[in-house]
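Since the structure comes first, as structure tokens, the remarks are kept for the end.
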Amino acid sequence: MSVPPESTASVLPQAAPPEAVAFPPKELKKECEDILSRYPTRMAACLPVLLLAQQHYGGWISPEVEAGVASYLEVSDSHIRGLLTFYAMYNTKPAGRHEVWVCRTLTCWLRGAEKLRQTALDTAGVATCGTESDDGKFLIKNMECLGLCEVAPAVFIDGQPHVNVTPEKLTELMEACD
Ligand code: FES
């Protein structure tokens, strides 16, 4: 008599789901309510609520925060995960105190963006984009067009645009970050 195979689900290790934080914390309650009042559905408010959460929780969204936001907005964890991994402005691992976004799209690339990215990596002391520097100071990110093509190459540092950037200027700007 043949033995039925065990189901795949009983064989594969199952990761425990993250324990959701209570979201929103009291400091964000009013702002979250204001955001929700401007959107037709809770789901439609995902992006601004996630940005708010990211700012509040040290510049990144942990699985626990992700689960808390999903519960608050009454959407699935996978919906939130999809947004976090699609949009480059969100971080799903610890980010440095300063984020440097280097545009890599055509106009900036033609105007020297490769050198800028290397300068940013060297100044931060990291080998690749998307990795927090050892001192926790910087996170360098490759970004698509930042909307400043006419004054390329463009870089954002902590949300502030810088245009016609040279490697020397970028080094200076990053060294001025505390
Ligand atoms: S291509 Fe870099 S800002 Fe548009």
>> Checking the structure you have, find out if any residue of the range 137-152 is exposed (fewer than 14 other Cβ atoms within 10 Å of the Cβ), of a type in the set (Asp, Glu) and either under 16 Å from the mean Cα position of the chain (by Cα) or more than 26 Å from residue 57 (Cβ to Cβ) (or both).
In response: yes
>> Looking at the range 111-133 only, could you name the residues that are touching a strand residue (DSSP E or B) at 6+ places or on another chain (Cβ under 7 Å) and more than 16 Å from the ligand (Cβ to nearest atom)?
In response: 121, 124, 126, 130, 132
>> Just to confirm my filter: which helices (runs of 4 or more DSSP H) fall fully inside the range 1-119 and include at least 3 residues that are surrounded by 11 or more Cβ atoms within 10 Å (Cβ to Cβ), touching a helix residue (DSSP H, G or I) at 6+ places or on another chain (Cβ under 8 Å) and not polar (S, T, N, Q)?
In response: 26-37, 46-56, 63-73, 77-86
> Can you tell me which residues in the range 145-178 are among the hydrophobic types (A, V, I, L, M, F, W, C) and in a helix (DSSP H, G or I)?
Replying inline: 149, 151, 170, 173, 174
> Is it the case that the range 99-110 has a residue that's hydroxyl-bearing (Ser, Thr, Tyr), within 29 Å of residue 175 (Cα to Cα) and within 16 Å of the ligand (Cβ to nearest atom)?
Replying inline: yes
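No lab work stands behind these numbers, since they all come straight from the coordinates. What you are looking at is a predicted structure, and each value in this text was computed from that prediction instead of being measured. A quick note on method: Cβ atoms are made from the backbone with ideal geometry, for glycine too, and the neighbour counts reach across all protein chains shown.
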